[in-house]
1. Does region 553-612 hold any residues that are in contact with a Leu (Cβ under 8 Å, 6 or more places away or on another chain), part of a strand (DSSP E or B) and either aliphatic (A, V, I, L, M) or surrounded by fewer than 21 Cβ atoms within 10 Å (Cβ to Cβ) (or both), and which are they?
2. If a residue must be exposed (fewer than 12 other Cβ atoms within 10 Å of the Cβ), at pLDDT below 90 and farther than 20 Å from Tyr59 by Cβ, how many such residues does region 69-84 contain?
3. For Ala32, are the conditions met, namely being among the small types (Gly, Ala, Ser) and either part of a helix (DSSP H, G or I) or at pLDDT below 90 (or both)?
4. Could you list, in sequence order, the residues of region 512-525 that are surrounded by 24 or more Cβ atoms within 10 Å (Cβ to Cβ) and part of a strand (DSSP E or B)?
5. Just to verify a result, which residue in region 529-552, among those that are over 24 Å from Tyr450 (Cα atoms), in contact with a Leu (Cβ under 9 Å, 6 or more places away or on another chain) and among the hydrophobic types (A, V, I, L, M, F, W, C), is least open to solvent (accessible area, probe 1.4 Å)?
6. Looking at region 197-213, which of its residues are surrounded by 23 or more Cβ atoms within 10 Å (Cβ to Cβ), closer than 21 Å to Asn252 by Cα and either modelled with pLDDT of 85 or more or not basic (Lys, Arg) (or both)?
7. Evaluate region 493-508: report whether one residue or more is open to solvent by 10 Å² or more (accessible area, probe 1.4 Å), closer than 17 Å to Tyr450 by Cβ and either part of a loop (DSSP other than H, G, I, E, B) or touching a Leu at 6+ places or on another chain (Cβ under 7 Å) (or both).
8. For region 79-123, give me the residue count where each residue is polar (S, T, N, Q) and in a strand (DSSP E or B).
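The values are calculated or read from the model by the stated rules, or taken from the named source; none is laboratory data. Here the structure is a predicted model, which means the values were calculated and not measured. Neighbour counts run over all protein chains shown; Cβ positions are idealised from the backbone, glycine included. The accessibility values were calculated without ligands, DNA or RNA, using every heavy atom of the protein model including side chains. Shrake-Rupley method; radii C 1.70, N 1.55, O 1.52, S 1.80 Å.
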Amino acid sequence: MAIIFGVSAAVTRLRPPVNVTPPTYDDAFDTAEVNLELRAGSLGTWGGGLFATLKTVWYVDGVALADGDPLLVADTNHPDRNKPGYTIKKVVVQSAWAGKSVQLRVQVAGALGSAEAQAPLLDVPAAPADEPVVIWDYRNRTGDRTNTSYIKTRNSGRSMYGGRRFFTTNGAVSRQGIGNKGRSAGKWYCEFLSHDAPGSHFRFGLSAIDAGFANAGMLGDHQWQLGLKSDGWLYTYDDRGQVTSSSKVGPNWRYSETIGMAADFDTDPNGVLVWFTADGVTWNNNGSADPTTAVGGHLLQNQKASGTPKAMHPALFSASASDTPNFALSLFCNVGEQLRAAPTGFNGWDNLANNGAMPTLTNAEARRLWQLWHMGPAPSAARMTLVDDLISGLKADGVWTKLKSLYLLAAADFGHGVYDWKKLQRAEWGSSSTPPVPDEGYATWLADRYYKNGGGGGYLTASSAASTELAQNDAHLGLISRTEQADGTNTRHELGAGNAYLANNLAGGTIARANAGAADTYADVSFIGHNVWTRGGSSQAELYRDGALAKTITRTSAGPSGSITIGAVNAAAITPNGINELVAAHYGQALTAAEALAIYNRLNTYRTALGA
């Protein structure tokens, strides 16, 4: 018996290598976008006999890239790079591979044989003919790419071309991205959308294609660049050297805001004049600046005076070292995708057909949904039209001008649900400036149905100053709820601020505090449905349910205080917090009876279409 076991052990040692678990990529990619750097993650696990060599091999449409191919670069960051006999290469997906597949394979060899294991095939999406391919520089400032969300697609169906997800960063990193469409003549307009809260190191502007992108450099720190920082300061570097503004000369912004840039290459003999705007009205933080009249533009000299002007490209930079991580930025250069019309005399930077099948939308607010689709699945044409019709209807009813904020909490994606369609920005998550994401144990969200706080910190901060949103004698607050909690113990505060809120009574019914020093409880007014209180004077207010007058509130007015929150009241200062399933929320100026009915009808049409 001992001899048999000994022979068996020897035979086992003499077997060829056998793959046990396959290799993986360094991240969970769904597709391989052009310009994405692919790296090996796990090299797989191996059984059987020992092997002397291991190497990564990259295949395109089933054909291996040769060992000497210049596209293959040693992966100096892989944890197994220094193991004897290991050869680990990385590769960047090429535009010529569009429409093909790419795959990582790991090959091992020893004295008794060889073996191969394969990672999953990744499709390389074909770039539509009207989408400009974007080129990148994605260097990490610290040189450490651990936990770095560098150029990649995190969800299936998200493109990395043109006006799609431009780039992301995460942690102590920096990124520079440049659109491929350079201009040296003409008048051009483009926009960018900041998806997360940019820190003070974020910049948007112009760059020459050959500007040096040093690891620690920011946009405007290299020659032939101009970068507007998120606090409104400007950094220019041209043949005059580097020039930094001595004051705020452009708009500053928060996440989910669209910043426009107009560039005039024709008017100034020395270079390009540039203007920035956050609202389409004020340019360069100067009431007199106007790109249509070439007044108040920032000059970037680009060798135009010498007769050999450098072409300039839209450019973005972000560094999140100690700021909010997880930036995600998109550049919108194509006509139809932009939130605002280009200034008179200016063209969309690429002036190409729309990226994808975006329907014709009446309202700029609805077109914003096209810019926001990076937050989740691309909205369908029907969904965009539904939002467009809602906004058009509210405008026709005279309600839109009275709204300060409108949240359609029942939405196809959580990012859309916490978006303020009036202010064109997202709500903040709880008391933090971090963009809201459903948090286990705090809040829940069901697509096209509802958002709800879990009774704790999963509320949304809609406005930090109720006193500027709800005038003491000219205000309304409205909410649609699918549920009514009546546990007999807890009043659930769902929307509002100090002196101004809507809550679910502990025994059922609605509590309304309509800009007043005390709240009124109405057990006979169900919290389920659309409840709105509105105050147009100092002596009384009205409570409407589903568009009909339910109660007249005879209380003297008192000014609101604190912040307006959804799923809580005054940032949870008035407890307990909400736990109901909320479909929509809105607030603003006082509504007439006809307007209260109109907004109910419009929101009910939207809700019915979703099945919420």
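1. Ile553, Ile564, Ile566, Val569, Leu582, Val583, Ala584, Ala585
2. 1
3. Criteria met by Ala32.
4. Ala512, Arg513, Ala514
5. Ala550
6. Ala197, Pro198, Phe202, Phe204, Gly205, Leu206, Ser207, listed by residue number.
7. no
8. Residues in region 79-123 being polar (S, T, N, Q) and in a strand (DSSP E or B): 6 in total.
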